[in-house]
Amino acid sequence: MASGKITVERFLKLGESIPICDVRSPSEFNAGHIPAAVSIPLFNDTERETIGIIYKMEGRIPAIVEGLRQSAHSMSLKLEEALRIAGNGKLLVYCWRGGMRSETMAWLFSLGDIETEVLEGGYKSYRHYILNFLSEKRKMIVLGGLTGSSKSHILRHIETSGKQIVDLEGLANHKGSAFGSLGQPSQPTTEQFANLLFEKWKQMDRSLPFWVEDESRNIGSVFMPDNFYVNMQNTPTIILIMNSKIRIPRLMEEYSTYPPESLKASILKIRKRLGGDNTRDAVDAVEKGDFARAIEITLNYYDKAYMFGLKKKNHENIIYVETDCDDIETNSLKVLDAADRITW
């Protein structure tokens, strides 16, 4: 039976042990959803559009009648799916505003003796909650450095020593540069990225700092939540300084395995910023298999862009760490030593 509506805090707490069901349309779900949720839509996209038009043109009752007509043929399938995923005969249900769609599906699930809880305010209240959550100022350490400084590898090594990290590039399925999509799965939407970030962030011990990699506002096609990004710009930042000659071999190892056409396409994404001559030279170098030269050309652009971006940060919060090697363990220790000098 349906048990009524609950707050987002209660909903998320119960969601740690009870399956969550998103009853919005597939396109709504794909745009963004609670990460643990399973999609059992009351209406498909076409049905939802049709019912929405009727609601606007004719009113609530005609829309309800049309909704019943559209969904009647698939109700048994929806209940069967709910019975399949319901843990211990319980489900958590949400729609966009916690209204008719979630209430209808909660009623349907109750016919199968599934006890349901509906999210008050729906997915809209969830989004409001997590964006407020991600706006909080916490102890954060940003690890920066020029492209190819192995920042992601260092963060993963730091994590093995017990430090808290949030892998922003991992959540975004992108390594940040024009070459960042190579070898990566499809990126989430900006909306879903924030949902994933919240899932990671809520697990952090608030009394301890956590680490992130320095990023621009966007990671590929994904944009960070505004306040989260602003907080990143005003938090202690450790910048690893490494000569390009040290960085090039690792970048060659990482990117030379990709097809030349993919590398050239990535170069062309930044051709306006590289300039005509540099773009031509970089593309020619790839075609000749001279990956070191292609990387050197693109690094020159990225290094200048990164150093320009540092001007936006509060210089009182920046600690520079120089290194003459690419050893992950050595550089991790240098970064951790620098972090010990941060006062909160």
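Read-outs throughout are calculated quantities, based only on the coordinates presented, and are distinct from any laboratory measurement. Just so it is clear, the structure is predicted and the values come from calculations on it, not from any experiment.
Shown for segment 137-339 is the translational diffusion coefficient from the Stokes-Einstein equation, using the Kirkwood radius over Cα pairs, a temperature of 4 °C and a viscosity of 1.567 mPa s: 73 µm²/s.
Across the chain, C-alpha contacts under 8 Å between residues 6 or more apart give a mean separation that, scaled by the residue count, equals a relative contact order of 18 percent. At 10 °C and 1.306 mPa s, grab the translational diffusion coefficient of segment 1-75 from Stokes-Einstein with a Kirkwood Rh over Cα pairs, rounded to a whole number in µm² per second. Answer, rounded: 113 µm²/s.
Between amide H atoms placed 1.01 Å from N, distances below 5 Å from Met140 occur with Phe210, all of them 5 or more places distant or on a separate chain. For segment 95-230, the convex hull spanned by the alpha carbon atoms encloses 151 Å³ per residue. Once the Cα atoms are used to define both axes, helix 190-201 deviates from the longest principal axis of the chain by about 80 degrees. Shape analysis of segment 2-131 based on the Cα gyration tensor places the equivalent ellipsoid semi-axes at 23, 17, 13 Å, largest first. Of all the options Val65, Val230, Val212, the one that moves most in a Gaussian network model of the chain with Cα springs shorter than 10 angstrom is Val65. To check you understand DSSP bridge types, tell me what percent of the beta bridges within the chain (both residues inside) are antiparallel, rounded to 5. Given both bridge residues lie in the chain, the antiparallel proportion sits at roughly 10 percent.
A straight Cα-to-Cα reach below 19 Å connects Lys264 with the aspartates and glutamates Glu253, Glu254, Asp277, Asp281, Asp284, Glu287, Asp290, Glu296, residues fewer than 8 places away in its own chain not being considered.
When the pairs Lys137/Lys272; Lys175/Lys245; Lys13/Lys151; Lys175/Lys312; Lys175/Lys269; Lys200/Lys304 are compared against a 25 Å limit on Cα-Cα distance, Lys137/Lys272; Lys13/Lys151; Lys200/Lys304 fall above it.
Rg of the Cα atoms in the chain, relative to 2.2 N^0.38 Å, amounts to 1.22. Relative to the dominant Cα principal axis of the chain, helix 260-269 is inclined by about 90°.
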